[in-house]
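Bear in mind these aren't lab numbers, they're just calculated from the coordinates by the rules spelled out. These numbers come from a predicted model, not from an experiment. Cβ placement follows ideal geometry from the backbone for every residue including glycine, while neighbour counts extend to all protein chains displayed.
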Amino acid sequence: MNLLLFTDSDRLGENRITVQDHRLQHLLQVHRAKVGDQVRVGELGGLMGEGHILELSDKRAVLALALSLHPPAKLPLSLIIALPRPKMLRRILRSMAEFGAAELHLINSYRVEKSYWQTPVLQAATIHEYLLQGLAQSRDTMLPQIHCHPRFKPFVEDLLPAMTEDRCALLAHPGDYPPCPREVRGETVVVIGPEGGFIPYEVEKLQEAGCEAVSLGPRILRVENALTSLLGRLF
């Protein structure tokens, strides 16, 4: 935890907060903090700065706030990813929050198992928790937007064309396609398929909606590794 995130419910007053949950345990067990120490803090959706520990016990910590720093700017990036298996989804949620992507659209695909849409990981509270972990790691306070689209065709026909208009829209897909560009500028849309890739019909529909198919090379990557590779190239 590189940033202690707090919300309005943690406030004791205008410039003080108290923490009593896993954040307290992290202060005690990982930071080995003591009264008088300074720790990095940030208000969810707001400013960041320093927290001066005024009180610390196994019951609670009280910190005085000095907030003056704005969070880092989000990447001008909209991610569209075919819903992965739950274990991988957890890692992707953390990673996209760490990288600073502005939004994530989880979509259906022929190769997405129906059971994936029933996973508890898609519950709002669980998504929120994994995003917070990513923000705390990367020192950010602004949550990305998460959208779920259980039906493929309505998404690509009704929503995607407006998303790709006047943007660089890339479909990372195995095959004989031009190499993925590097260091793009401006608003960007990136589409990543499921394990095994999109089926030809889906590739065609995505291209019709304005996406350009690109290659990451001859190797077939896992979804999470494809995401990391793409972000490293593009930004």
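Brief remarks on what is shown
- Relative exposure of S78, S57, S109, judged by other C-beta atoms within 10 Å (fewest first): S57, S109, S78
- Helix 124-138 and the longest principal axis of the Cα set of the chain meet at an angle near 70°.
- Helix 223-234 and the longest principal axis of the C-alpha atoms of the chain enclose an angle of approximately 90°.
- Exposure proxy shown here: for E183, E224, the number of other Cβ atoms within 10 Å sets the order, fewest to most, as E183, E224.
- For segment 155-169 versus segment 1-26, the inter-centroid distance based on Cα atoms is 39 Å.
- Among the trypsin sites (Lys or Arg not before Pro) found in segment 1-62, those both in a DSSP coil and sparsely packed, with 10 or fewer other Cβ atoms within 10 Å of their Cβ, are R32, K34, K59.
- Within the chain, antiparallel bridges make up roughly 40 percent of the DSSP beta bridges whose residues both belong there.
- Semi-axis lengths, largest first, of the ellipsoid equivalent to the chain are 39, 18, 15 Å, with √(5λ) applied to each eigenvalue of the Cα gyration tensor.
- Residues C168, C148, C211, sorted so that the one with the fewest Cβ neighbours within 10 Å comes first: C148, C168, C211
- Helical mean residue ellipticity (222 nm; -39500 (n - 2.57) per DSSP H run of 4+; nearest 500) of the chain: -8000 deg cm²/dmol
- A simple spin-label model places the labels of V35 and I199 6.6 nm from each other, with each point 7 Å out along Cα-to-Cβ.
- Candidate lysines - alpha carbon under 19 Å from K59, same-chain residues fewer than 8 apart omitted: K34
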